[in-house]
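> First the structure, which I've put down as structure tokens, then a few questions once you've had a look.
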């Protein structure tokens with residue numbers, strides 16, 4: 001293909017994007033400062049992502065970038081990214097690049113030299129970065145490939161975010177959504193967000209409590225094989241699912257797990273339990289571990305390494321979390337917990353950093369290479385997950401385990417990618 005014919009001088013593409021904490025966090029970590037004056041460096045990452053994923057697009061080979069920075073950039077800023085073909089470069093094309101804050105100044109401008117892909121560019125850049133599969137979701141979607149969509153009752157999807165998440169999951173073949181809630185509100189939310197819900201089944205329920213009960217009833221009667229949280233409170237949905245008459249409970253304790261993709265960690269991390277069990281005792285922690293191991297296996301970890309977290313790495317009678325960790329390890333030794341390798345107590349640094357573990361003389365098959373982090377209580381788990389997301393740039397997905405069916409549990413602040421990842425977890429845990 002003649003690149004000059006496919007990419008003539010003056011050809012231009014633009015994209016509008018809203019900055020997230022997940023994009024600023026890694027830059028702050030690498031530079032050692034969260035000063036907004038340094039954050040425009042994040043614009044370079046966004047521009048590079050635009051070059052290799054949107055325009056010129058997949059297959060682009062980067063030869064060099066020469067960008068200048070100015071101004072400040074903070075979470076929530078809306079950016080206009082623009083790329084224009086400036087002319088030929090040695091071995092490829094020279095592109096004029098700019099990133100401008102909406103209603104403000106240009107935070108990045110300069111040139112990039114690339115070898116364009118073999119295919120001609122699309123007419124439009126397409127959807128925002130927020131719904132583009134990234135490392136975690138790419139792997140989850142690949143693992144879901146070839147599996148039929150699972151019928152899923154979506155409880156009370158009365159806002160744009162929950163509807164968009166369900167529709168995105170349906171477009172990727174993960175679920176067949178059954179929308180459960182006040183039909184007029186669902187249709188109004190879809191119309192206001194320009195979302196097409198034509199052809200989707202809607203089961204009418206008057207309010208959020210009734211939506212939860214009706215969604216659970218669809219699972220109980222076999223019309224659905226999974227649950228997805230919409231715009232209702234988590235306790236409303238779980239109260240309905242845990243009711244004995246619903247028939248969804250098993251011998252296992254119900255627990256929650258985050259799957260997190262932290263940019264500075266080489267593998268996915270499962271953190272449990274950060275949303276349901278407030279202060280789990282030893283018996284509850286054993287089920288939390290079993291549930292997390294099952295999830296890890298479902299996403300492709302053959303023999304998960306489980307780190308039982310505490311503030312220290314030695315057994316201390318005054319710290320219950322260290323005693324529980326030791327007991328859980330012995331339970332694994334005796335075959336009461338199977339499918340994974342357990343070690344603990346381990347402090348967080350020893351669990352995820354081999355250097356930290358070596359510095360303290362810890363010899364372990366888990367230390368520094370954990371796949372699963374089991375936290376002592378809901379407070380530590382919730383803080384850990386949110387710190388990784390907001391300060392470490394981690395992406396996350398959430399799921400409830402231990403019931404007869406999986407429950408995709410999302411937050412109102414989750415973006416479309418997180419909702420899609422939660423749906424992928426749901427599909428994998430639901431089985432064939």
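> Want the number for residue 282 to residue 118: 0.36 nm per residue separation, take away the alpha-carbon distance, what's left?
53.2 nm
> Related question: How high is the relative contact order of segment 255-402, in percent, counting Cα pairs under 8 Å that sit 6 or more residues apart?
Once normalised by length, the contact order is 37 percent.
> Here's a follow-up. Please compute the length gained on full extension between residue 221 and residue 267, using 0.36 nm multiplied by the number of residues separating them and subtracting their Cα-Cα distance.
On the way: separation 46, 0.36 × 46 = 16.56 nm, distance 3.83 nm.
Net length gain for the segment: 12.7 nm.
> Given the DSSP H assignment, sum -39500 (n - 2.57) over each helix run of at least 4 residues in the chain and divide by its residue total; what's the result at 222 nm in deg cm²/dmol, nearest 500?
Value at 222 nm, helices only, nearest 500: -10500 deg cm²/dmol.
> Only Cα pairs under 8 Å and at least 6 apart count here; give the relative contact order of segment 150-246 as a rounded whole percent.
39
> Provide Rg over Rh for segment 3-127; use the alpha carbon set for both Rg and the Kirkwood Rh (inverse mean inverse pair distance).
Details: Rg = 14.4 Å, Rh = 14.7 Å.
My calculation of the ratio gives 0.98.
> Okay, moving on. Could you identify which residue out of 11, 232, 38 has the top mean-square fluctuation in a GNM of the chain using Cα springs shorter than 10 Å?
11
> Helix 282-298 against the longest principal axis of the chain: what's the angle in degrees, Cα atoms only, rounded to the nearest 10?
Orientation of helix 282-298: about 40 degrees from the principal axis.
> Now for a separate question. Relative to the longest principal axis of the C-alpha atoms of the chain, give the angle of the C-alpha long axis of helix 320-333, reported between 0 and 90° and rounded to the nearest 10°.
Result, in degrees: 80.
> Work out how much length residue 297 to residue 412 would gain on full extension: take 0.36 nm times their residue separation and subtract the Cα-Cα distance, in nm to one decimal.
Taking residue 297 through residue 412 to full extension adds about 38.6 nm, to one decimal.
> Then there's this: Starting from the Cα of residue 379, step 7 Å along the direction of its Cβ; do the same at residue 145; then give the gap between the two resulting points in nm.
4.6
> In a GNM of the chain with a 10 Å cut-off on Cα contacts, which of 21, 325, 89 has the highest mean-square fluctuation?
Maximum fluctuation in the GNM of the chain, among the listed residues, is at 89.
> Related question: Which whole-number percentage describes the relative contact order of the chain, with Cα contacts under 8 Å and a sequence gap of 6 or more?
After rounding, I find 16 percent.
> If I compute Rg and Dmax of the Cα atoms in Å from the structure I just sent, which labelled value in (i) 22.4, 79; (ii) 21.4, 65; (iii) 23.7, 74 lines up?
For Rg and Dmax of the Cα atoms in Å, the calculated option is (iii).
> Against the longest principal axis of the chain, how steep is helix 21-31, in degrees 0 to 90 to the nearest 10, with axes from Cα atoms?
80
> Let me ask another. Starting from the Cα of residue 204, step 7 Å along the direction of its Cβ; do the same at residue 96; then give the gap between the two resulting points in nm.
5.8
> Which of these, 160, 394, 118, has the largest mean-square fluctuation under a Gaussian network model of the chain (Cα springs below 10 Å)?
118
> Label points 7 Å out from Cα along the Cβ direction at residue 9 and residue 80: separation in nm?
2.4
> Going 7 Å from the Cα of residue 354 toward and past its Cβ, which residues in segment 268-298 have a backbone nitrogen under 18 Å from where you end up?
Within reach of a label on residue 354, which here means backbone N under 18 Å from a point 7 Å along Cα→Cβ, segment 268-298 contributes 268-269.
Read-outs throughout are calculated quantities, based only on the coordinates presented, and are distinct from any laboratory measurement. All figures in this text were calculated on a predicted structure; none of them were measured in a lab. We place every Cβ from the backbone using ideal geometry, glycine too, and count neighbours over all the protein chains shown.
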